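First comes the structure, then the notes that go with it.
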Amino acid sequence: THEGLRLYGNSHGFIGAYPSTRHGLSCSVIAQEGEAMQRDYWYSSSRLSGELESAERVGQQAAERALRRLQGRQVATGKMPVLFAADVASGLLSHFLSAIRGESLYRRSTFLLDSLGTQVFPEFVRLTEQPHLKRALGSAPFDGEGVRTSAKDIVSDGVVRSYILSSYSARKLGMRTTGNSGGIHNLLISSTGKSFDELLATMGSGLLVTELMGQGVNQTTGDYSRGAAGFWVEGGVIQYPVEEITIAGNLREMYRGIRDIGNDVDLRRNVRTGSILLDEMMVAGE
């Protein structure tokens, strides 16, 4: 549990403060069957303690997730559809945010250099920043420099409409601050309206990713290669757990290849998204 008061003042005459709270509950477990062992976890996070999942529910979720992973196997190497579960899909959007941050842009160390006004996602994709969303974990009335935060489209119709700029990075780029010193304040991505089960059915056969490992993302080129675990899906139904595989692609192609975004939104992070289905990635297994 955290309760605090954020106070900020500067030499331009600004002084402001706002209180904040955050409560969390987590559980990690190890499951064993014979000599096979797997670990997994679950957690709940909220501004209000009364909105946390119960300890029993958190523990049950952690146990069920660990048990489902027992007796995992590899899949044959090849290109296939990939569905990122909601709790790992936020990472895909975090890579996008890093690529359009002012620091990456003025250092020219991003694969999305000069991307403002260009098509990066399919037309149905919309990303909005909502800094005044009640009870959301990233809400704030002002950024790390005292600049007022405001709601805005980061992406609409698949086109980049705004960078993520502080006053310093904005000056370096000859632009104006977007009120994002310290980062984004609640990023929301629009859903295509499908449930998680409907996303599985849409995918048909492919890989469901529930865990990612390693740091194999090159922000300058957009190349993406990470260890992964999850489940093999056939006929829209989860068949068996998968482990010891690598998924690879390029973030530009991955963003363009988004087919669907689920309505199973994970509310526990600053980046809110449902599960994301990609047309195709390279999966290295057997």
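We did not get these values from a lab; they are worked out from the coordinates using the rules stated. Everything numeric here is computed off the predicted structure, so don't read it as measured data. Neighbour counts run over all protein chains shown; Cβ positions are idealised from the backbone, glycine included.
Quick notes on this structure:
- Other-chain or far-sequence residues with amide H under 5 Å of residue 223's (modelled H): 218, 251
- Shape call, the chain: gyration tensor on alpha carbons, a/c limit 1.5: oblate
- Nearest-20 debye value, the stretch 183-254 charge dipole, Cβ charges on Lys, Arg, Asp, Glu: 240
- Entry note, the chain: the mean residue ellipticity at 222 nm calculated from DSSP H runs of n ≥ 4, each adding -39500 (n - 2.57), is -5500 deg cm²/dmol after division by the residues and rounding to the nearest 500.
- An oblate overall shape is assigned to the stretch 1-102, the ratio a/c of its alpha-carbon gyration tensor axes (a ≥ b ≥ c) being 1.5 or greater and a/b not exceeding b/c.
- Per-residue packing, averaged as other Cβ atoms within 10 Å, sorts the ranges 68-81, 191-204 into the order 191-204, 68-81, beginning with the highest.
- Couplings 3J(HN,Hα) for the stretch 206-221, derived from phi with the Karplus relation 6.51 cos²θ - 1.76 cosθ + 1.60 (θ = phi - 60°), are x, 10, 9, 9, 10, 8, 10, 9, x, 10, x, 10, 9, 5, 6, 9 Hz, where x marks Gly and Pro.
- Here's how it looks for residue 263: its modeled amide H is under 5 Å from those of 193, 194, 195, 196, which are all 5 or more places away or on a different chain.
- Percentage relative contact order, the stretch 65-195, counting C-alpha pairs under 8 Å, at least six apart: 24
- Cα-Cα separations in the stretch 106-254 greater than 18 Å, expressed as whole percent: 70
- Mean projected area of the convex hull spanned by the Cα atoms of the stretch 18-62, taken over all viewing directions: 3.4 nm².
- Estimated FRET transfer efficiency when R0 is 22 angstrom, pair residue 118-residue 220 (beta carbons, to 0.05): 0.80
- Counting only lysines at least 8 places from residue 194 when in the same chain, those with an alpha carbon closer than 26 Å to its own are 79, 134, 152.
- Phi-derived couplings, Karplus 6.51 cos²θ - 1.76 cosθ + 1.60 at θ = phi - 60°, listed residue by residue for the stretch 159-167: 9, 5, 9, 8, 7, 10, 10, 8, 5 Hz, with x used for Gly and Pro.
- Extension reserve of the residue 14-residue 103 stretch, reckoned as 0.36 nm per residue once the Cα distance is removed: 29.6 nm
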